[in-house]
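Since the structure comes first, as structure tokens, the remarks are kept for the end.
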Amino acid sequence: MNEKKVVYSLCCMCTGRCPIMVEVENGVIKHIWGNPYVFGAKSLCPRGAAGVAFEYDNERPQYPMIRDGERGSGKWRRVSWEEAFDFLADKFKKIIEEYGAKAIALSDRGGPHTELHKLFLRALGSPNYFTHHATCSNSVHNAHMSVAGHARNTVGFDYKNCKYLVVFGRNLLESLITGEARNVIEMINSGGKLVYIDVRWTYTASKAYKFFIINPGTDYALALALINVIVNQQLYEADFVNRYVIGLKYLKTFIQPYTPEWAAKETGIPAEEIRRMAYEAAENKPSVIFHPGWMTAWYSQDFYFRRAIYILNALMGSYEAKGGIFISKGAGDCGVKIKQPTSIAPKVTEERCDGAGTEYPWIKGQWGMLQRLPEVIETGQPYPIKAYIAMRHDPLASMPDLETWIKAFEKLDLVVAIDVNWSWTSWYADIILPEATYLERTDNVIERKGLKPQLALRQKVIEPRFDAKSRFQIFKTLAEKLGKGEYFPWRDEIEMVNWQLEGTGFTFEDFAKKGIIDLTQEPIWYDRKNLKFNTPSGKIEVFSEALENSGIPSLSPYEKPTPTPEGHLRLITGKVALHTQGRTTSNNLYLNELCPENYLYIHPSFAKKQGLKEGDLVEISNNGVSQKIRVRITPYIHPEIGFMLHGFGDPVPVRTRSFGKGASDVVLMKGQLKVTVGGNCPLFETFIKIDKI
Amino acid sequence: MSQYLITQNYKKCIGCFACVVHCKIENNLPVGPRFCDILPVGPKEINGVPRIIFVYMNCFHCEEAFCMKACPTGAMTKRVKDGIVYVREDLCIGCKSCIKACPWGIPQWNPNSRKVFKCHLCMHRLDRGEKPACVEGCTTSCLNFTKPEEATANIRREYAERIAENLKAILR
């Protein structure tokens, strides 16, 4: 009997969550395509396509395991789920009795599929939910909150209609999401101009109308000079600015020293080019986007750099303009209200352990500052943390200062790794719970916000291949064992989905046909004359009283980057289309085949000085740690930069394809487990020494 | 020549290798062989910006196929109804003559079966009325599965449209 079916769902090979169409034959997944109802084609990036190889890979945790040796020894004992749950319930109970539920912390990678993790913490009464954004979007999130009351991702970009797109190092066409890449390409091919600024050439640069290699760490100077020209020459969208911008006078005074001539010396970009960029952007306003970035854990001044970019967008009037930045519309804008699982449990009023929202009032607790956790664990201040759950997150592989983490782990009574992969963190955990993969589980309903909001669902395509459980089953069972079952009242995922949809007229079955539910036929735009921003004033706050009251200036004077020491390079990392979120892709059969290791890209002038040739094996070191990697030489990189792809140098031996290949960027970023004003780690303030082996 | 043609819009291609991965998944290829491929060429500076071109390669399914002529057993076969050149595995003896004969390096060595296999334009999909996997899955839809007569008609139309864009200059 040849039984074929198609299941619509959401990808999870990266955090893009692209809508997918999965072909199944006799219970076996044959192919994963993009959802044609969303993309207008079956397009799906290589990572998404390689989801089939991920699913049928045996090199992932296959059953619950309890540590059977020293932490990090890789010795495990297979246990039943019953034993695993009892082990955990026992440990959690003891910790809660002695230290309270707040002694339990959890981190994940953020996004809308975190409802059940958050609900679990809420049910117990712990405020200590963290995302990975300390090494990702914290600065851009917190900056945008302070300017416009929006997160990075509660607005979207109308690329298709954009006429002038200025990008600072956001490698849109390599570090890509299918839908976004398609829209950017459509923009370029219909005449929109892309100005690309980076410390190195990328495939995105290749498609640009203009490309500038900027001096590392000086992007803020460029943004200030652009503001200088736009404000002094009154190139801004006056109607919009008069209506919504608070602090134009303050801005004008502040930016006076930052002339294009000054910025040219800092950035290496000629003054006339900076001026031209400002004028060209203004000619195309409001269909202009100054892209604020995504992974923005770059520098200490990132918060102010990102604020400056959002200010540029405000000056162009690009908020809620065709071809600009639109405010993402949700189900509520279509008169549809879906219930969120977290709403079942009361909000936790306890203060967070990391100071987000208290000690650091301008840093939002919804993302947290995970880089503070090891210090909190070590010192027991402001209160002890005794259990840590790494939920599909791998801080040891993605946060700086590995040793600090491992040392802090020693003070924990419990380290839990819940993952579909062997992660570095799982190697140091006390217990590993294998999660059912994204193709083996159903998650909560999410809103796909945008101009045309949709509801979307990740649904189970096949039964788990191994002895794995869904996050729903894991957190529900744990909550029940801890006497908090009332907060997980649904029998299974489908019942939860239908509960979320109560009163909307939709049910779980409605996702079968297209995987998504369209809530509107026409794009929704707000009235540009009546916009409301979620800041204290309801306006765009160039001058922010809230920041000033916290002792933080609204705008901070530009600080010169630390000069690169002689014989050193500044380490910058990034991604390619074949790999993001290294734990999911680096050991994938096909993605590993096409891109098995990373290289250190350097400028010919540095290569000459150090006597290095293409392909040479070098030792890179910083702060007492080192990695080995091969060299590639390119003229299209700043001479003070060493660039490598993120996500390599895998230390987990059971991942046989990626084990030991290339170098880990994060290991080299030792010393960057810092809190900056944006809540981000300043990862790109790492200098590396290069020695030929 | 088969009656089909895959064209590539260089301006839209971003070198992401989705075509290669979709192909390998669809045809369940082992590590190593690639039925289609992306060859990055460049970067080369053009008007001050280093540009790269990603050349998409798959089998041309030649009318006078070198691989077929070289094949001593008749394993390299042309499908009568549409001219697709494919390998009949039962007849292949693994002599690799086709690999040496093809000027474009198209026939691939299958390390598992120790025989040759190659791009067959996903003929199992074509027979269901679907496009080859590389075209279907392409991230930016830069690949187009077409026929030569359609392709030339499209090129003419696009050229005419470019001329039309410049109508002011022409009719000044």
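Each value in this text was obtained by applying a stated rule to the coordinates, not by laboratory testing. Predicted model, so just to flag it, every value in this text is computed and none were measured. No Cβ is skipped: glycine too gets one built from the backbone with ideal geometry, and neighbour counts run over all protein chains shown.
Quick look at the values:
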read-out	value
Residue exposure sequence - B:87, A:542, A:140 - by fewest surrounding Cβ within 10 Å	B:87, A:542, A:140
Number of Lys pairs (Cα under 25 Å; 8 or more positions apart or on different chains) in segment A:421-530	14
Cα→Cβ-extended label distance, 7 Å offset, between residue A:463 and residue B:39, nm	4.8
Filtered chymotrypsin sites (Phe, Trp or Tyr not before Pro), segment A:52-129: DSSP coil and at most 13 other beta carbons within 10 Å	A:56
Inter-label distance for residue A:548 and residue B:100, nm, one decimal - labels placed 7 Å from Cα along Cα-to-Cβ	8.3
Calculated FRET value between residue B:165 and residue B:128, using beta carbons and R₀ = 51 Å, to 0.05	0.85
Helix B:148-165 vs. chain B, principal-axis angle (Cα, 0 to 90°, nearest 10)	20
Antiparallel bridge percentage (DSSP; both residues within the protein assembly as shown; nearest 5)	60
Selection of trypsin sites (Lys or Arg not before Pro), segment A:1-74, meeting DSSP coil and at most 16 other Cβ within 10 Å	A:71
Given charges at beta-carbon only (K, R positive; D, E negative), |dipole| of segment A:236-366 in Debye	420
Dipole magnitude (debye, nearest 20) for segment A:568-692, charges at Cβ of Lys, Arg, Asp, Glu	80
Per-residue ³J(HN,Hα) for segment A:439-444, Karplus 6.51 cos²θ - 1.76 cosθ + 1.60, θ = phi - 60°, Hz, x for Gly and Pro	8, 10, 9, 10, 10, 5
Cβ-based charge dipole, segment B:67-172, positive-most Cα from B:113, B:95, B:152	B:95
Part-to-part distance (alpha-carbon centres) for segment A:98-135 and segment A:346-378, which is given in Å	11
Estimated [θ] at 222 nm from DSSP helical runs (n ≥ 4, -39500 (n - 2.57)) normalised by residues in the protein assembly as shown, nearest 500	-8000 deg cm²/dmol
Fewest-first ranking of A:413, A:219, A:691, using other Cβ atoms within 10 Å as the exposure measure	A:691, A:413, A:219
Computed magnitude of the charge dipole of the protein assembly as shown (debye, nearest 20; Cβ of K, R +1, Cβ of D, E -1)	1780
Inter-probe distance in nm under a simple model that places probes 7 Å from Cα toward Cβ, at residue B:63 and residue A:70	7.3
Prolate/oblate/rounded call for the protein assembly as shown, Cα gyration tensor, a/c under 1.5 rounded	rounded
Extreme residue, positive dipole direction of the protein assembly as shown, given options A:368, A:687, B:122 (C-beta unit charges)	B:122
Prolate/oblate/rounded label for segment A:568-692 (Cα gyration tensor, a/c 1.5)	oblate
Bridge type composition, segment A:568-692 - antiparallel percent by DSSP, nearest 5	60
Average partner coverage of B:7-16, which counts Cβ from other chains inside 10 Å	5
Amide H within-cut-off set for residue A:130, under 5 Å, with H built and near neighbours excluded	A:106, A:107, A:108
Ranked A:243, A:77, criterion: other C-beta atoms within 10 Å, fewest first	A:77, A:243
Loop sites in segment A:587-693: trypsin sites (Lys or Arg not before Pro), DSSP, at most 15 other Cβ within 10 Å	A:613
For segment A:568-692: lysine pairs under 17 Å (alpha-carbon distance), excluding those fewer than 8 apart on one chain	13
Global form of segment A:332-444, assessed from the alpha-carbon gyration tensor, a/c cut-off 1.5	oblate
